[in-house]
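First comes the structure, then the notes that go with it.
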Amino acid sequence: MVQSLNTKALLALASVVRRPALMVPHVSLDNVSQLHYQALKDRCGIRAVIFDKDNTLTAPYGMDIHPDASAGLQAAKDVFGSDNVAIMSNSAGTLDDPEYEDARKIEDALGIAVIRHDEKKPGGLQEVLDHFHVEDPATLCMVGDRLLTDVVFGNLYGMLTVHTLPLCRGSDNVQDNKVAKVIRTVENKGLYGDWFGGRYMLTKRPPHKFWQGEEECPLRLPTDIDVPPTTPTS
């Protein structure tokens, strides 16, 4: 599937220029399997989880769960229930997906709904609220690998935002949208690169209505090995 131009993301650039912190996620992880879903529910006021699809749960335009994301998706379904976990994609479930054929295939493969929406992220809030039957966006967690779409979408409306690195990189990422690859690389290096602007931005994480921060409520699953942070690549 070829994605059409995301004019909503281009328009959101104006908001990001005025408020750069919109691009800063509350939590940064390697993949969705590192997220502590029980803590999201018990301590952060989260009622439902929204996942991006391409390079967050599956390979770009793929239908099957990626091995690195399998445990995370299952944990989300176990904690919140499948009805409270859904995909918000800028390909499947949009006007780029004729008769929502890909959306239905993904739903069959992953066991969660693909939210239908006409506006691409960072648009489409009302469709998300209607899908989960919630009124307060702060009760939602948005998880994705794109800063300008997934993270900005969540932060614009007060969701708790989780940014992950792309599941597929280098030669494994040849199926990805070429424009998306370039933009993602710029996004990640801009925020996570070893330069004063990135270091300053990471101190400006937006507040969340319920989550008290990493010191009070860590959202990364504990591990036995400390892995030093690396600069993300496409």
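Bear in mind these aren't lab numbers, they're just calculated from the coordinates by the rules spelled out. Model, not experiment: these values are computed from the prediction. Here the Cβ positions follow ideal geometry from the backbone for every residue, glycine too, while neighbour counts run over all protein chains shown.
Quick look at the values:
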{"item": "Built amide H within the under 5 Å cut-off of N31, gap 5+", "result": "L165"}
{"item": "Distance (nanometres) between label positions extended 7 Å along Cα→Cβ at R199 and A21", "result": "2.0"}
{"item": "Shape of segment 21-201, Cα gyration tensor, a/c cut at 1.5", "result": "rounded"}
{"item": "Spin-label pair K209/M63, simplified geometry with 7 Å Cα→Cβ offset, distance in nm", "result": "3.8"}
{"item": "Most fluctuating residue given options I46, I183, I115, as computed from a GNM of the chain linking Cα atoms under 10 Å", "result": "I183"}
{"item": "Partner aspartates and glutamates for K121 [C-alpha distance under 17 Å; skip if fewer than 8 residues away on the same chain]", "result": "D52, D54, D96, D97, D130, D145, D150, E187"}
{"item": "Members of K41/K181; K77/K105; K181/K209; K178/K204; K77/K178; K120/K178 lying beyond 22 Å, as alpha-carbon distances in this model show", "result": "K41/K181; K181/K209; K178/K204; K77/K178"}
{"item": "Of N84, N155, N177, the one that fluctuates the most in a GNM where the chain has Cα springs shorter than 10 Å", "result": "N177"}
{"item": "Spin-label model distance (nm) - D42 vs Y157, 7 Å beyond Cα toward Cβ", "result": "2.8"}
{"item": "Rounded to 5, the percent of DSSP beta bridges in segment 21-201 classed as antiparallel", "result": "5"}
{"item": "Selected from N173, N55, N31 as most flexible by GNM, with the chain as the system and alpha-carbon contacts under 10 Å", "result": "N173"}
{"item": "Axial C-alpha extent at least 20 Å, average Kyte-Doolittle at least 1.0 - helices from the chain (DSSP)", "result": "none"}
{"item": "Estimated 222 nm signal from helices in the chain, with DSSP H stretches of n ≥ 4 weighted -39500 (n - 2.57), rounded to 500", "result": "-9500 deg cm²/dmol"}
